[in-house]
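Bear in mind that the values in this text are calculations on the coordinates, not laboratory data. Owing to the predicted nature of the structure, the values given are computational and were not obtained by experimental measurement.
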Amino acid sequence: MSDLLKLTAAQAVEALGRGDVDAGELHSLYRERAAGETINSYVSVGDPLVPDAAGKPLAGVPIAVKDLFCVEGIETRACSKILTGYIPPYTATAIARLQDAGASYLGKTNMDEFAMGSSNENSAFGAVQNPWDPTRVPGGSSGGSAAAVAAGLAPWATGTDTGGSIRQPAAFCGLVGLKPTYGAISRYGMIAFASSLDQAGPITRDVTDAALMLKYMQGRDEMDSTSTGMTEDVMMPSSESLAGKKFAIPAPIDWNGVQPGVKEVFDLACKRIEAAGGEIVEVPLPHADYALSAYYVIAPAEASANLSRFDGVRFGERAADPTGLTDMYERTRGDGFGPEVKRRIMLGTYALSSGYYDAYYNRAQQVRTKILEDYAAAFSSCDFIITPTAPSVAFGIGEKTDDPLAMYLGDLFTVPVSLAGLPAISVPAGLATSDGSAAAEPGADGALPVGLQIVAPHFRENALLEAAYVFEQATEFADGPWTWAGS
């Protein structure tokens with residue numbers, strides 16, 4: 001394995017700054033690996049030439065970009081047929097800020113179409129394979145980004161999180177995934193799914209890299225009226241103890257829907273937190289059980305409105321030889337959207353229709369308010385809230401495609417956090433057997449990653465990163481697939 005692959009992004013920045021590593025060599029290594037990948041994590045690979053980033057904070061370290069972010073002059077499709085041929089004339093603010101800081105563009109990563117999915121099987125480019133086991137999903141919707149980082153095809157990558165789409169794939173691929181507070185990072189140039197929920201964030205090998213990416217992605221943006229930026233400068237984590245910090249488990253949790261191996265790894269994670277000085281307590285979140293139901297009304301409703309702009313008139317795919325305007329709309333959207341996107345548009349349109357708005361959409365927003373109030377009350381008696389990131393290890397490709405409800409239940413622990421707009425991070429916590437029946441030791445055949453989700457109050461990312469960093473140091477997690485990949 002190339003020594004360059006061993007470097008985390010932060011370590012690469014330091015090595016580039018010292019002159020120990022050449023930015024062009026680093027970019028070429030990752031570009032060649034991305035161009036030759038076999039797990040379908042990329043949909044396109046960028047220019048072989050790296051721009052001069054000498055003296056810039058990120059020093060030329062390459063970054064993979066989820067296909068939901070517009071990049072000027074590069075086809076951006078949100079992995080949907082309906083945006084075939086769309087070349088944006090501008091770059092998303094979050095990506096532009098990373099490039100301005102010296103990150104070099106590596107390529108576009110695969111994803112669930114319009115970020116709608118939890119497995120990365122809903123893509124016009126086909127399913128992505130999990131590097132830990134190619135027969136399994138990498139999670140979604142940022143599955144291509146997670147798979148690329150886990151396989152050593154990128155040092156780090158951008159993702160987006162609407163209901164768990166950064167945290168869940170990070171958990172499935174043994175990575176760190178950070179969903180910042182809603183508004184911390186601009187949504188400008190990020191193709192919208194559900195505007196009141198969408199948030200960009202990093203997918204990285206470790207917590208330090210996540211902090212470094214957040215530092216340069218965040219900020220107020222006049223082009224996004226919902227963006228606020230961080231309320232404090234992002235600091236690199238360095239804490240050695242969790243002393244005095246209270247970590248709360250929501251009560252009650254229905255563990256019946258959680259694989260025994262995931263529960264076992266979570267219990268071990270709690271013991272590590274206590275060993276590092278933290279205190280484990282319980283807090284009530286009485287409306288959390290309603291979060292999935294509320295989310296799958298609110299998010300499709302917003303998607304119904306946002307995706308109405310894709311009609312074949314101004315950009316993207318258009319049905320050939322339409323007989324009239326209605327025919328063009330129907331065939332363009334019928335052929336251009338995949339089954340999951342159509343399902344959510346229909347659900348959302350129904351929820352917003354006359355006579356049903358109050359019964360569904362308005363009621364779901366009321367539940368969302370209750371969930372937000374529950375978290376505010378909980379944080380009055382604890383510093384963080386912890387859960388497993390997902391109720392299972394990565395499942396098989398095709399295993400849940402015919403059962404949307406089973407697929408949606410994979411977001412059990414991530415969706416309530418998104419509805420409340422809170423920051424949360426998934427950190428590798430250990431391994432479980434491939435059937436999720438028990439915790440597994442590093443090196444065990446078929447062992448798959450399990451993530452710990454840590455949630456913090458709004459704009460407490462620095463505290464969240466510090467807690468995650470201490471936990472990371474205390475956890476002996478197995479090296480990921482990027483160490484198996486050879487040179």
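So what is the 222 nm mean residue ellipticity for the chain from helices alone, if each DSSP H run of at least 4 adds -39500 (n - 2.57) and you divide by all residues, rounding to the nearest 500 deg cm²/dmol?
-9500 deg cm²/dmol, from helical runs alone.
Quick one: which residues, 5+ away or cross-chain, put their amide H under 5 Å from the amide H of Ala432? H built at 1.01 Å from N.
Under 5 Å from the amide H of Ala432 lie the amide H atoms of Ala440, Leu448, Val450, each far enough along the sequence or on another chain.
Averaged over every viewing direction, what's the projected area of the C-alpha convex hull for the chain? Give it in nm², one decimal, please. List each step's numbers first, then the result.
Values: hull surface 86.5 nm².
Result: a mean projected hull area of 21.6 nm².
Take region 140-213, compute every pairwise Cα distance, and split them into 10 Å bins from 0; I just need the percent in each bin.
Histogram of Cα-Cα distances, whole percents per bin: 23, 55, 21, 0.
For region 240-245, take each phi angle, set θ = phi - 60°, evaluate the Karplus expression 6.51 cos²θ - 1.76 cosθ + 1.60, and give the result in whole Hz per residue in order, putting x for glycine and proline.
So the J values, rounded to whole Hz, are 10, 8, 10, 4, x, 9.
Taking amide H positions as placed in the peptide plane 1.01 Å from N, state which residues far from Phe395 in sequence (5 or more) or on other chains have amide H under 5 Å from it.
Val137
What are the ³J(HN,Hα) values, in whole Hz, obtained from phi via the Karplus relation 6.51 cos²θ - 1.76 cosθ + 1.60 with θ = phi - 60°, for each residue of region 332-344 in sequence order, with x given for Gly and Pro?
For region 332-344, the Karplus-derived couplings read 4, 6, x, 7, x, 8, x, x, 5, 5, 4, 4, 6 Hz, x marking Gly and Pro.
Specify whether the C-alpha gyration tensor of region 199-261 places it in the rounded, prolate or oblate class, a ≥ b ≥ c being the square roots of the eigenvalues: rounded for a/c under 1.5, otherwise prolate if a/b is larger than b/c and oblate if not.
Working: a/c = 2.09, a/b = 1.56, b/c = 1.34.
Verdict is prolate for region 199-261.
Check which residues have an amide H placed less than 5 Å from Gly107's amide H, if you skip close sequence neighbours.
Result for Gly107 returns Gly46, Val65.
Starting at the first residue of region 299-304, write each ³J(HN,Hα) from the Karplus equation 6.51 cos²θ - 1.76 cosθ + 1.60 with θ = phi - 60°, in whole Hz, x for Gly and Pro.
5, x, 4, 5, 5, 4
Rounded, prolate or oblate: which fits region 288-364 when a ≥ b ≥ c are the square roots of the eigenvalues of the alpha-carbon gyration tensor, with rounded for a/c under 1.5 and prolate only if a/b beats b/c?
Prolate.
Looking at the square roots a ≥ b ≥ c of the eigenvalues of the Cα gyration tensor of region 19-110, which shape do they give, rounded for a/c under 1.5, prolate if a/b is larger than b/c, or oblate?
Since a/c reaches 1.5 but b/c is at least a/b, the shape of region 19-110 is classed as oblate.
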